[in-house]
């Protein structure tokens, strides 16, 4: 099997590369430094040369707050780039697996979001990610879109790393406690994307479409922070745990509105691909304690 990974320097991209390095697949991985996914000529040349079976797109503009002031940059990364990839994949006859986000929803639900629920993004980031999904559907029928949420892991910038850093600097952490979501380990996302890619190559008919993949237990950001700190204390990474105080969203204003409810139902991806939700608590133990 031949795979191209884009966004190779991000959280999920780096996890994908780690796994591909121990596989017998033929693969190439490109970050922003070696491939601009919105550059039509560069993308077409790569796919014509390498002729992959699957492209896994983990590239995106993910600066949620900056996107409010940089809509053009967000659109290039989240709409134009995926559209270019989709057209190029369709041209060479390969499948596209694309990573999307819970931010395509309003955050006003009272039960976990399923793939067919109405979308209503509340900010530039979510709107551009939703437009990117539509561009892929229009240009490349052989696609799988995977929406995920609250990504954390060993690589890149994420909430887990921020909490660990602040725990070493402060006696008290004030963390939002009225937004509910599903933390998702980047390594589990990488495993899911690779399993999907393998299934598509084996026979993609009937598998294409949109799926949700996220953590198995919903929690608030404050609850997530408490779990992170508890595991870090067990691992001896923190000598003394700071006091963690739950606060309301309005006490921590941000340029972009965050979904109050961001829980994704991952049952469809399990039924079709046999992929279980991310056990984020076990992942924390592996990262911090093991």
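Please treat every number below as a calculation from the coordinates, not as lab data. Just so it is clear, the model here is predicted, and its values are computed rather than measured. When we count neighbours, we look across all protein chains shown, and the Cβ atoms used for this are built from the backbone with ideal geometry, even at glycine.
Yes/no per residue for (1) out of contact with any strand residue (DSSP E or B) (no Cβ under 8 Å at 6 or more places or on another chain); (2) surrounded by 18 or more Cβ atoms within 10 Å (Cβ to Cβ); (3) farther than 20 Å from residue 62 by Cα:
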{"site": "139", "(1), (2), (3)": "yes, yes, yes"}
{"site": "148", "(1), (2), (3)": "no, yes, no"}
{"site": "174", "(1), (2), (3)": "no, no, yes"}
{"site": "196", "(1), (2), (3)": "no, yes, yes"}
{"site": "206", "(1), (2), (3)": "yes, no, yes"}
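Say we look at the range 102-128 and pick out the residues that are in contact (Cβ under 8 Å) with a residue 24 or more places away in the chain and over 18 Å from residue 179 (Cβ atoms); which of these is surrounded by the most Cβ atoms within 10 Å (Cβ to Cβ)?
Applying the filter and picking the extreme gives 128.
Just wondering, is there one or more residues in the range 17-34 that are touching a residue at least 40 places away in the same chain (Cβ under 8 Å), touching a helix residue (DSSP H, G or I) at 6+ places or on another chain (Cβ under 6 Å) and closer than 21 Å to residue 136 by Cβ?
Checking the range 17-34: not a single residue is touching a residue at least 40 places away in the same chain (Cβ under 8 Å), touching a helix residue (DSSP H, G or I) at 6+ places or on another chain (Cβ under 6 Å) and closer than 21 Å to residue 136 by Cβ.
Taking into account only those residues within the range 231-264 that are in contact with a strand residue (DSSP E or B) (Cβ under 6 Å, 6 or more places away or on another chain) and surrounded by fewer than 17 Cβ atoms within 10 Å (Cβ to Cβ), which is farthest from residue 171 (Cα to Cα)?
Residue satisfying both the conditions and the ranking: 249.
Do the conditions hold for residue 228, that is, is it in contact (Cβ under 8 Å) with a residue 24 or more places away in the chain, assigned to a loop (DSSP other than H, G, I, E, B) and surrounded by 17 or more Cβ atoms within 10 Å (Cβ to Cβ)?
Numbers: in contact (Cβ under 8 Å) with a residue 24 or more places away in the chain: yes; assigned to a loop (DSSP other than H, G, I, E, B): no; surrounded by 17 or more Cβ atoms within 10 Å (Cβ to Cβ): yes.
It is false that residue 228 is in contact (Cβ under 8 Å) with a residue 24 or more places away in the chain, assigned to a loop (DSSP other than H, G, I, E, B) and surrounded by 17 or more Cβ atoms within 10 Å (Cβ to Cβ).
Which one of these does residue 152 not meet: (1) more than 25 Å from residue 176 (Cα to Cα); (2) in contact with a helix residue (DSSP H, G or I) (Cβ under 7 Å, 6 or more places away or on another chain); (3) buried (at least 17 other Cβ atoms within 10 Å of the Cβ)?
(1)
Which residues, counting only those in the range 114-134, are closer than 20 Å to residue 193 by Cα and not in a loop (DSSP other than H, G, I, E, B)?
Taking the range 114-134 as the starting set, the residues that turn out to be closer than 20 Å to residue 193 by Cα are 114-115, 129-130, 132-134.
Passing the criteria: 129, 130, 132, 133, 134.
Being assigned to a strand (DSSP E or B), within 17 Å of the chain's Cα centre (by Cα) and surrounded by 15 or more Cβ atoms within 10 Å (Cβ to Cβ): is that true of residue 5 here? Give the derivation first.
Values: assigned to a strand (DSSP E or B): yes; within 17 Å of the chain's Cα centre (by Cα): yes; surrounded by 15 or more Cβ atoms within 10 Å (Cβ to Cβ): yes.
Taking the combined requirement at face value, the residue satisfies it.
Which residues, counting only those in the range 209-224, are buried (at least 17 other Cβ atoms within 10 Å of the Cβ) and within 30 Å of residue 29 (Cα to Cα)?
Matches in the range 209-224: 210, 211, 212, 213, 214, 215.
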